[in-house]
Amino acid sequence: MAIRFKRMTSETWQEPRLRERDVNRGFAKRSGRIMFPTAHDITEKNIDACLTVLKLMLEAGNDVLIVSKPCLPCVERLCAQLDPYRGQIVFRFSIGSASSPVLKFWEPGAPTFEQRLSCLKAAFLRDFETSVSCEPMLDDRIDRVVDAVHPYVTDSIWLGKINRLRSILPQNCPNDPKTVRKGEALMEAQNDDAIRALYKRYCHDPKIKWKDSIKEVVGLDRPVSVGLDE
């Protein structure tokens, strides 16, 4: 998105830019749950600013969904400093594969599967509400992720197909035929028959939730109100 809207380039997008004006802004109590962050991740480079913003949101009485491809030092600091607001927080950790080499290819610089699982366990053992997002699923073995995370998830495990890959890859990976081939193989692995089989395996598991990309294939209705889902 940063490349698409000319804020960054394919060479510079991995270098974070802190928006100082947004760090100390005020927050009122809002209806519903606030997702944080939405345009970046929480890393050791920006954890101080993220904690400032989160505390302002929480002190105003808001419920917050903290979303991250997590690293353990950040999660340990979040759990320690946000413990007084534990009842207002759900952690949602992004884990699209149980293979660290797969994660390294599709999410360069992001934590390994083992570290993400350790983060989930850490938040769970501190009595925070926990959730996992497997959108996008990054291989055809998402069952391995579900099996590994299930005991440490109190809220939900979201499954979803990869979206907009044909338009994203030329922007993020120009002149990279190897990545394009891998992308085509990943999209083929998420064909309609495979998605229907996935749904059949997990449709009776109350923790499993389905993103719109899967609902469209299996014929589930989208919710009429924000925050309500199947």
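The values are calculated or read from the model by the stated rules, or taken from the named source; none is laboratory data. Just so we're clear, the structure is a prediction, and the values are computed from it rather than from any experiment. Cβ placement follows ideal geometry from the backbone for every residue including glycine, while neighbour counts extend to all protein chains displayed.
Quick notes on this one:
- Of all residues in region 121-134 being in contact (Cβ under 8 Å) with a residue 12 or more places away in the chain and farther than 21 Å from Tyr202 by Cα, the one that is surrounded by the most Cβ atoms within 10 Å (Cβ to Cβ): Ala123
- Test for Phe105: is it closer than 28 Å to Glu76 by Cβ, surrounded by fewer than 20 Cβ atoms within 10 Å (Cβ to Cβ) and among the aromatic types (Phe, Trp, Tyr): yes
- Screening Ser225 with (1) outside any helix (DSSP H, G or I); (2) modelled with pLDDT under 95; (3) surrounded by 15 or more Cβ atoms within 10 Å (Cβ to Cβ) gives one miss only, at (3).
- Tabulated pairs, region 4-19, first touching a residue at least 12 places away in the same chain (Cβ under 8 Å) and more than 16 Å from Leu169 (Cα to Cα), second surrounded by 10 or more Cβ atoms within 10 Å (Cβ to Cβ) and among the β-branched types (Val, Ile, Thr), C-beta under 8 angstrom, 6+ apart or interchain: Pro16/Thr43
- Residue that is farthest from Gly96 (Cα to Cα), among those in region 162-183 that are modelled with pLDDT of 90 or more and surrounded by 13 or more Cβ atoms within 10 Å (Cβ to Cβ): Thr179
- Scanning region 135-147 for residues that are crowded, with 18+ Cβ neighbours inside 10 Å and either part of a helix (DSSP H, G or I) or touching a Ser or Thr at 6+ places or on another chain (Cβ under 8 Å) (or both) yields a total of 7.
Yes/no matrix, rows are residues, columns are (1) among the charged types (D, E, K, R); (2) at pLDDT below 95; (3) under 23 Å from Leu103 (Cβ atoms):
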site: Val145; (1), (2), (3): no, no, yes
site: Tyr202; (1), (2), (3): no, no, yes
site: Pro206; (1), (2), (3): no, no, no
site: Lys209; (1), (2), (3): yes, no, yes
